[in-house]
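Before any comments, here is the structure.
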Amino acid sequence: MLTNEIIQQKLTEKFGDALTQWEQPYGMLTFTAPKEMNLKVLQFLIDDQELGFDFLTDLQAVHYPDNKGAELAVVYHLHNWKENVRIRFKVFTAIEQPDVFSATALYQSANFMERETYDFYGVNFVGHPNLIRILNVDEMDYFPLRKEYPLEDQTRIDKDDEMFGRG
Amino acid sequence: MSEHILLPEGSLEKQTTTLNLGPTHPATHGVFQNILELDGERVMKATSTVGYIHRAFEKIAERRALYQITPLTDRLNYCSSPINNMGWHLTCEKLLGVSTPKRVDYLRVIIMELARIADHLICNSIVGVDSGAYSGFLYVMQYRELIYEIYEEVCGSRLTTNIGRIGGFERNFTNAAFEKLEKFLDEKTGYPAQLREFEKLFTRNRIFMERTIGCGPISAERAKNYGFTGPNLRAAGIDYDVRHHNPYSSYEDFDFAIPVGTTGDCYDRFLVRNEEMWQSLSIIKQAYRKVQGFTGAEADVYHADVPAYYLPEKKDVYTKMEALIYHFKIIMGEADIPAGEVYHSVEGANGELGYYLISDGGRTPYRLHFRRPCFIYYQAYPELIQGGMLSDAVITMSSLNLIAGELDA
């Protein structure tokens, strides 16, 4: 039985204090790794006999504009099918230099997912074979899912944020 | 393959033909573009372009309250919208900590399995159409109509259903809905008889077998590495099914088998989908029996008792004070939404459909990401068709069950 505690223990043994922010929101083990270490962590999670997280369920980014110096988070969801355990891990990167190593060498499935993440957030996946826009038009010169691009005209007073629970 | 001599790129003697298959090609069933390098009729290289109907759902969702996101999920895999809707409701319920009564779960299972059948029958009959057998498509199409009539009876719409609410359904199932369900399930005149007929047409049909066996195959390891889920993965031989691995909506109460294939080619995918339809029929029957088992007040339960999140029925809003208050609270964003991040997935008709929702406690999601199964496994398409004939490329595409709406979100 592979429990969250065992996973956390094994990862801590291997990487020490480099992995931080251990949480278990809604039962899914979540932690943060330094962005230089993302491939090492992924590789270890695949290679370790006991862990065996060899299915990349999902990969996406989140933008936290107030988190200065680490505005963009790239989130990996991994799944061990044999033990049926999921984990989530994040790497944070500064928005001025959003370089993160690409996981395409480990997972073919990361190809489109990283392109999508680049397309919407501008995360530059170093080592990706074909990092171009995927869903948006090629001519687009900004990254639309970043928080600085509001969806609606912010001067509209009838849709003031305060009325929508976010004052 | 080895006897083909490839000339250098840009060479005057270059002998391959470039074919732009799509975005609006009659053989692609949706907005898919593939630029193929052809040597005669053989595909040497394929480059996929996606995004023709991208609608920025993830951005739109960031300005929408939780109950307003269901219409967006409708438009992902529009062949089985109810599964997407239920998946979204289940995600919200997980975030909000709402647990639903058993009757709601079983009703949801009925609707979700009907949607799975509707999706699989389209996909499988389209494989038939692309291999030159049109009649199977017409055979099963009228039964999709019966499924749509059931949706209509429950929620009022047919294709983009927007069915259900956070906490349950918008109204109780009427007797007419159950009558229509019985009509659909009838062994002699309903869908089972038609499905048998459909299988007779295809499963051991020499021409169909010759056409699909060995066409677009993928090994289990490659499929896993490419992020395959759903029937396409199971056709390659891995028995991963979210309904079994992470049961939601009380799937653990049902008996069903997970069919698997061996070679992952078009024929195996076809067989897996066919068998899944039988399993779905069995699940629906079990669920219907369980629903019939509820008596008295229990038989009227169609939503969880969570007034703070469940958008009340309109007739209550007009007649009851409390319902009116909660209606306004929910619409005006006064409902207490906890901050947190949650990933929830359901077994969509073509794979694991996941929702990654980050809430900051506001009325709308801070970030919502859809894990769309066909977006992820579409990457394997160039590899699947490489070295095969052009007509195999067409049939492989339809047997992968690619839905443009889901691909482009």
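The values are calculated or read from the model by the stated rules, or taken from the named source; none is laboratory data. Just so it is clear, the structure is predicted and the values come from calculations on it, not from any experiment. Here the Cβ is made from the backbone with ideal geometry for all residues, glycine too, and neighbour counts use every protein chain on show.
A quick yes/no check of all residues on (1) touching a residue at least 24 places away in the same chain (Cβ under 8 Å); (2) surrounded by fewer than 21 Cβ atoms within 10 Å (Cβ to Cβ); (3) in a loop (DSSP other than H, G, I, E, B); (4) of a type outside the set (D, E, K, R):
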| residue | (1), (2), (3), (4) |
| --- | --- |
| A:LEU11 | yes, no, no, yes |
| A:TRP22 | no, yes, no, yes |
| A:PHE44 | yes, yes, no, yes |
| A:GLY52 | yes, yes, yes, yes |
Open item on the list: Looking at A:LEU29, A:LEU72 in this structure, which one is touching a residue at least 24 places away in the same chain (Cβ under 8 Å) and farther than 26 Å from A:GLY122 by Cα?
Closed with: A:LEU29
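Restricting to the range B:223-232, what's the tally of residues that are in contact with a Pro (Cβ under 9 Å, 6 or more places away or on another chain) and facing chain A (nearest Cβ under 10 Å)? Can you show your working first?
Residues of the range B:223-232 in contact with a Pro (Cβ under 9 Å, 6 or more places away or on another chain): B:227-232.
When the remaining residues are screened for being facing chain A (nearest Cβ under 10 Å), the result is B:227-229.
So the count comes out to 3.
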Open item on the list: Give me the residue from the range B:233-247 that is part of a loop (DSSP other than H, G, I, E, B) and touching a Lys or Arg at 6+ places or on another chain (Cβ under 9 Å) and, out of that set, nearest to A:TRP81 (Cα to Cα).
Closed with: B:TYR240
- [ ] Can you run down the residue pairs with Cβ atoms below 7 Å, 6 or more apart or on separate chains, where the first is in the range A:135-149 and more than 10 Å from chain B (Cβ to nearest Cβ) and the partner is part of a loop (DSSP other than H, G, I, E, B)?
- [x] A:MET140/A:ARG133; A:TYR142/A:TYR149; A:PHE143/A:GLY122; A:GLU148/A:PRO65
Open item on the list: If I filter the range B:356-367 for residues that are in contact (Cβ under 8 Å) with a residue 24 or more places away in the chain, facing chain A (nearest Cβ under 10 Å) and under 29 Å from B:PHE208 (Cβ atoms), do I get at least one hit?
Closed with: no
- [ ] Sort out which residues of the range B:207-222 are within 12 Å of another protein chain (Cβ to nearest Cβ) and assigned to a helix (DSSP H, G or I), and write them in order of number.
- [x] B:ALA220, B:GLU221, B:ARG222
Task: Matching residues, the range B:30-82, being in contact with an Asp or Glu (Cβ under 8 Å, 6 or more places away or on another chain), over 20 Å from A:ASN136 (Cα atoms) and surrounded by 19 or more Cβ atoms within 10 Å (Cβ to Cβ) - done: B:VAL43, B:ALA46, B:CYS79, B:SER80, B:SER81
- [ ] Determine if the range A:56-79 includes at least one residue that is of a type in the set (Gly, Ala, Ser), within 14 Å of chain B (Cβ to nearest Cβ), buried (at least 23 other Cβ atoms within 10 Å of the Cβ) and not in a loop (DSSP other than H, G, I, E, B).
- [x] yes
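For the range B:289-399, list the helices (runs of 4 or more DSSP H) that sit wholly inside it and hold at least 3 residues that are under 28 Å from the mean Cα position of the chain (by Cα) and either at pLDDT 90 or above or exposed (fewer than 15 other Cβ atoms within 10 Å of the Cβ) (or both); which are they?
It comes to B:373-377, B:381-385, B:390-399.
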Open item on the list: Looking at the range A:80-126 only, could you name the residues that are touching a Phe, Trp or Tyr at 6+ places or on another chain (Cβ under 6 Å), facing another protein chain (nearest Cβ under 10 Å) and on the phi > 0 side of the Ramachandran plot?
Closed with: none
TODO: Hey, could you check the range B:54-92 for residues that are away from every other protein chain (no Cβ under 14 Å) and among the hydrophobic types (A, V, I, L, M, F, W, C) and say which is farthest from B:GLY362 (Cα to Cα)?
DONE: B:CYS79
Task: Which numbered condition B:GLN286 misses (of (1) under 21 Å from B:ALA177 (Cα atoms); (2) surrounded by 20 or more Cβ atoms within 10 Å (Cβ to Cβ)) - done: (2)
- [ ] Quickly run through the range A:96-143 and pick out the residues that are part of a loop (DSSP other than H, G, I, E, B), among the aliphatic types (A, V, I, L, M) and more than 14 Å from the chain's Cα centre (by Cα).
- [x] A:ALA105, A:LEU106, A:LEU131, A:ILE132, A:ILE134, A:LEU135, A:VAL137, A:MET140
Open item on the list: Just to check your reading of the model, which residue among B:LEU281, B:LEU324 is out of contact with any Cys (no Cβ under 8 Å at 6 or more places or on another chain) and touching a residue at least 24 places away in the same chain (Cβ under 8 Å)?
Closed with: B:LEU281
- [ ] Read through the list (1) more than 11 Å from chain A (Cβ to nearest Cβ); (2) over 30 Å from B:LEU36 (Cβ atoms); (3) not polar (S, T, N, Q), then give the number of the only condition that B:GLU406 fails.
- [x] (2)
- [ ] Take the range A:24-42 and flag every residue that is surrounded by 15 or more Cβ atoms within 10 Å (Cβ to Cβ), within 14 Å of chain B (Cβ to nearest Cβ) and in a helix (DSSP H, G or I).
- [x] A:PRO25, A:LEU42
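Residue check: is A:PRO65 in contact with a strand residue (DSSP E or B) (Cβ under 7 Å, 6 or more places away or on another chain) and modelled with pLDDT under 95?
no
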Task: Per-region count, the range B:143-174, residues touching a residue at least 60 places away in the same chain (Cβ under 8 Å), of a type in the set (Gly, Ala, Ser) and in a loop (DSSP other than H, G, I, E, B) - done: 2
